[in-house]
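Accompanying notes for the structure given below.
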Amino acid sequence: MLKSRINRREFLATTALGGAIAAAGPYRPAEAQTKSLKVRSYIAPERLDPIHYLGAPEADIFDCLYPGLISYKPGKEWGWQLDAATSIEQVDPTHVKFELKKGLGWSGGNGEVTAEDVKFSYERIAKPENKSPYRGDWEALDRVDVTSSHTGVIVLKEPFIPLFSTTLPRAAGNIVCKKAVEKLDGQRFTLEPPATFGAYKIKKIEPRVRFTLERNPGWPGERAMFDEVDFVVVTDANAAETAFATGELDVALLPMTAVPRLRKAMPPKSKLVVSPSLAYWWLGMQMEDGIFKDKRVRQAVQYAVDAQSVLDGAFFGVAERSTGIIAPGMIGHRPANKIAKPDLDRARKLLAEAGHPRGFKTEIGVRNSAEFINVGQVIAAGLAQVGIQAEVAPFDSGVQKAMASDKAGGWKKMQMHVVRFSMAPDPSWATVWFTKEQIGEWNWERFPDAEYNDLHKAALREYDAKKRHDMYVRMQDIMEDSGAYVFLTHGVNPVLHRDHFIPALAPDGNRVYVTKFKST
Amino acid sequence: MLFYVMNRLGLAAMIVATALAMLFGMIHIVPGDPASIVLGPRATPEMVAEYQARMGLDKPLPMQFLVFFLNVMKGDLGRDVFTNQPVFDLVMTQLPHSLALAGLGLGWAILIGIPLGCFSAIKRGSWLDRLTGVISVSAIAIPSFVVALYALLVFAVWLRWFPAIGAGKSGQIGEQLWYLVLPAFSIGLGWVGYLARLVRASMLEILGDNHIRTARAYGLPERWIVYRYALKLAVLPTVSLLGVGLGRLLSGAVFAEIVFARPGVGKLVYDSVVSRNYPVVLGAVLITTGLFVLCTLLADLINAMLDPRVREKL
């Protein structure tokens, strides 16, 4: 018989421990009691200098610390609004006058924000010797003329349409402190900005963990809703979803695949904003070497791929089919694909004409993530119906890029690939990667069309919106006619947030403007 | 003893150098250009070439290794290509998190696993022994990341007893310990099973030894025999295993760091491999390899202290 050996002391100790655990109750983060906001940062902020930043989460921090003259208007439509400027006006195609708000003060006794700072910030990125990866944003900049302490003129060498759509409202338009940056070694900084002037100031930096901001009492502009903002580094999307469920995040950008799950069961007191992404996914075929050199083979693939099945199978029906590389709502968005539905008979006929009546074996290179692999597998299943046996080959993104750039011919191994490129809200950001100059870099299809190249250059200088729109539509027609592209989707960006505030998000959901959040 | 320690230190240096040479070769076999990743898609070929020259990436591989090796000899592990921060400083910001996680994970495994194994050996054949065996084998068999996911779901999402992500605010020890509970539980559970099985097997072997039979013949109390004589010898293989385990967990707890969004050396290395941040990969692996070797050395020395037979061989 089993005999209990527990004695009185042990019983009391166990009871006391149990009581203590029960009294402690469920864990409640202390931050929940303060008016703070916890935002997911899906990369670790490492470079807070607009001259060489790495991604959107860093730019979200810039807007809190050192805004630009203008910023994107949060909401559903792409547009801009004044930020550090009281006025900005394009007086002619190459001159933009601006006036800064008065009373914006740099931290650390660096004085007031002046037009000299604007000049320094923009010319610094534009100067070739500074080797900024974002020099392209200011490639048309000639100089910034300072006309008074708070006014100036941005002078362009030639008309540059993306100035207001992607240069000024993005990181290349943020203003840094001339006096403080000039004192730095190499005149650039990484994690510790030498001076800030925005609605928030830095409270604490824990590299690779969190970036905590607190209200800047000296900010003369509109008061931000939260006293403190924590940009918490959560690189894994599943961890971010869990952290939201446990109250450790208040705003989180999640992957597309989370949408059906969330629509079935939303965490309490939360809302989901699903915004159409600007990014674009496509199936590409390398047209310079190998089996896809034959246009008929490429076209056979175009007719064999059922894009709707890809969307249903890999994106759970959350995203719409794309008609090109330019998202809906933007200049240059194409109304429809030329090949809108699969036609297997035509695909088989084209394969037979090309000398492959029984199909062939090939590879679809994809990035090594579940989303990409799923897309590749659904495409492979469709291609199998016309005899093309495509094996899905997952690669690290760096490996794919290295193969594409391999001068020794590594690119020849890249026959088909599923790719996703991100983009900014100007069509030129999408079309630039498919020019001849990008062959061996980002033009993985090695698509070499002269008309396309000319149109890309001309559209950058075309002010007539209708003409510009037509140019971009024509460019996407050329891409599809080449047979090298099957446009799949733009996808969506789901952002999960608490329901006690209205978040200020970019129309594509990819940027979070924490200074512009409103209470419900 | 001194000769033994010197000998082991020399061996340790050779192990670190070999590991570094292998790693250096391996990370350069993986295609991917750090320059184009660091500079972004809009970088011109001239900018990429200039960056490669500045970072020494345009030199032949053996030359790059030689430069790296000589710098390491001078105590310079290089700089992070993104932040330009010294790699040593960067690793040192992450190492305390990894040490705490590995230490606490193994700590609770020792506290539970060793008594469990000991108890099983003493009660050999009883239903409690069999139950302990089933639990131990199950703990070993369940992959740690599965434990992590379920622990997260039950204790963080449903019960809300523990936080789901992060490591707590720096400087707040209590909060940081609270954040460690679930990750430490996840990585330690398998070790509970390992240690229990190992200690049980060792104990059974030692309890059948001549000196234990002699002790019993002298009429020493059973509790005295078990805890004073048998257990002391039975934990020897455990000490060696723990030395290796602690060293491995310093950079090998990457799954826990990802699932719980914790900082740590493992995640630092993982992120750096993905972004081709070679100086950080090399520097972090150098430090963790050094610590791994140190842990195994300490385990051997502890073994020598506990077991006179080992001491005699030195």
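The values are calculated or read from the model by the stated rules, or taken from the named source; none is laboratory data. Bear in mind the structure is a predicted one, so any value in this text is a computation, not a measurement. Don't worry about glycine lacking a Cβ; one is built from the backbone with ideal geometry, like all the others, and counts go over all protein chains shown. Only protein heavy atoms, including side chains, enter the accessible area calculation; ligands, DNA and RNA are left aside. Shrake-Rupley method; radii C 1.70, N 1.55, O 1.52, S 1.80 Å.
Flag: A:A465 does not match the condition of being open to solvent by less than 20 Å² (accessible area, probe 1.4 Å) and outside the structural domain of A:K38 (by TED's automatic domain parsing). Only one entry of A:P193, A:P217 meets the criterion of being farther than 18 Å from B:T93 by Cβ, outside any helix (DSSP H, G or I) and either open to solvent by less than 30 Å² (accessible area, probe 1.4 Å) or touching a residue at least 60 places away in the same chain (Cβ under 8 Å) (or both), and that entry is A:P193. Those residues that are in contact with a Phe, Trp or Tyr (Cβ under 9 Å, 6 or more places away or on another chain) and open to solvent by 40 Å² or more (accessible area, probe 1.4 Å), I need them from segment B:113-141; list them, please. B:L128, B:I140 - these are the residues of segment B:113-141 that are in contact with a Phe, Trp or Tyr (Cβ under 9 Å, 6 or more places away or on another chain) and open to solvent by 40 Å² or more (accessible area, probe 1.4 Å). In summary, B:G105 fulfils each of the numbered conditions (1) within 11 Å of another protein chain (Cβ to nearest Cβ); (2) in contact with a Pro (Cβ under 8 Å, 6 or more places away or on another chain) with the single exception of condition (1). Considering segment A:228-268, and only residues there that are more than 14 Å from every other protein chain (Cβ to nearest Cβ) and of a type outside the set (A, V, I, L, M, F, W, C), the residue that is most open to solvent (accessible area, probe 1.4 Å) turns out to be A:K264.
Answer yes if at least one residue in segment B:30-48 is surrounded by 13 or more Cβ atoms within 10 Å (Cβ to Cβ), at pLDDT 85 or above and more than 20 Å from B:G266 (Cβ to Cβ), and no otherwise. Scanning segment B:30-48 turns up no residue that is surrounded by 13 or more Cβ atoms within 10 Å (Cβ to Cβ), at pLDDT 85 or above and more than 20 Å from B:G266 (Cβ to Cβ). Could you say whether any residue in segment B:275-285 is buried (at least 18 other Cβ atoms within 10 Å of the Cβ), of a type in the set (D, E, K, R), part of a helix (DSSP H, G or I) and assigned by TED's automatic domain parsing to the domain that holds B:K169? No: segment B:275-285 contains no residue that is buried (at least 18 other Cβ atoms within 10 Å of the Cβ), of a type in the set (D, E, K, R), part of a helix (DSSP H, G or I) and assigned by TED's automatic domain parsing to the domain that holds B:K169.
Total residues in segment B:162-172 satisfying the condition of being surrounded by fewer than 24 Cβ atoms within 10 Å (Cβ to Cβ) and out of contact with any Leu (no Cβ under 9 Å at 6 or more places or on another chain): the figure is 4.
Screening A:F189 against (1) within 24 Å of A:L104 (Cβ to Cβ); (2) away from chain B (no Cβ under 14 Å) leaves a single unmet condition, (2). In segment A:373-459, counting only helices (runs of 4 or more DSSP H) that sit wholly within it, the ones holding 2 or more residues that are farther than 24 Å from A:E158 by Cβ and either open to solvent by less than 10 Å² (accessible area, probe 1.4 Å) or free of Cβ contacts under 8 Å to residues at least 12 places away in the same chain (or both) span A:397-405. As for segment A:157-178, it holds no residue that is open to solvent by 10 Å² or more (accessible area, probe 1.4 Å), in a helix (DSSP H, G or I), within 14 Å of chain B (Cβ to nearest Cβ) and at pLDDT below 95. Taking the condition of being part of a strand (DSSP E or B), exposed (fewer than 15 other Cβ atoms within 10 Å of the Cβ) and either of a type in the set (A, V, I, L, M) or in contact with a Ser or Thr (Cβ under 6 Å, 6 or more places away or on another chain) (or both), how many residues in segment A:127-155 meet it? Qualifying residue count for the region: 1.
Of the residues making up segment A:122-144, those that are away from every other protein chain (no Cβ under 11 Å) and either hydrophobic (A, V, I, L, M, F, W, C) or over 16 Å from A:L168 (Cα atoms) (or both) are A:I125, A:A126, A:K127, A:W138, A:A140, A:L141, A:V144.
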